[in-house]
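Here's the structure, in structure tokens; my notes come after.
What follows draws every value from the coordinates through simple rules; no lab data is involved. Computed from a prediction, not measured in an experiment: that's the story for all the values here. All Cβ positions, even for glycine, are placed from backbone atoms using ideal geometry, and neighbour counts span all protein chains on display.
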Amino acid sequence: MDINTTPLIDVMLVLIIMLIITIPIQTHAVKLDMPVGNPPPPNGPPPEVINIMVDFDNTVQWNGVTIPDRQTLELHLRDAAAKVPQPEVHLWPNKLAKYDTVAMVMAEAQRLGVTKLGLVGAEQFMD
């Protein structure tokens, strides 16, 4: 004579399900103090855009004009950093350009105080 435990197991399963349903859902939230951003400026003239292109042979162009050396690039970047409001600098590296040249342009811009620097054309690196 064995005891039939099937009804006992069924009752226990129902009790476990009822317990799971009645337990309040715990939310895992982390309180963050998010920084308050500056409101966008009123609809005024769009900011000036400066395009710096690094070609496949590592020549640097400033708005389509070839920059002969690093000192000339430094002068242009220093002038751009001094303007109020500061213009946006768009860096267009070619896929075949050396990393050293692109990194040098970015480092010079950062060193001279250019704060609005962005890389453009990253979709060419998706392959």
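Highest-first packing order for the peptide set 62-68, 11-17, 26-32 is 62-68, 11-17, 26-32, based on the mean count of other beta carbon atoms within 10 Å. Here the range 37-56 and the range 65-96 have alpha carbon centers that stand 13 Å from each other.
Excluding same-chain neighbours fewer than eight residues apart, the aspartates and glutamates reachable from Lys95 by a Cα-Cα span under 14 Å are Asp55, Asp57, Glu123, Asp127.
The calculated FRET efficiency for the pair Thr115 and Phe56, based on their C-beta separation and a Förster distance of 35 Å, comes to about 0.75.
Positive end of the dipole of the chain (Cβ unit charges, origin at the Cα centre): among Gly44, Gln61, Gln124, the Cα lying farthest that way belongs to Gly44.
Comparing mean-square fluctuations of Asn43, Asn51, Asn94 from a GNM of the chain with C-alpha springs under 10 Å, the top value falls on Asn43. Distance between the pseudo-spin-label points of Asn63 and Ile25 (7 Å out from Cα toward the beta carbon): 5.6 nm. For Lys98, the residues whose amide H sits under 5 Å from its own are Asn58, ignoring neighbours fewer than 5 places away on the same chain, with H placed 1.01 Å from N.
Net charge dipole, the chain: roughly 400 debye, given to the nearest 20, about the Cα centre with Cβ charges of +1 for Lys and Arg and -1 for Asp and Glu. Can you give me the angle between helix 99-111 and the longest principal axis of the chain, using Cα atoms only, in degrees from 0 to 90, rounded to the nearest 10? Roughly 80 degrees, rounded to the nearest 10.
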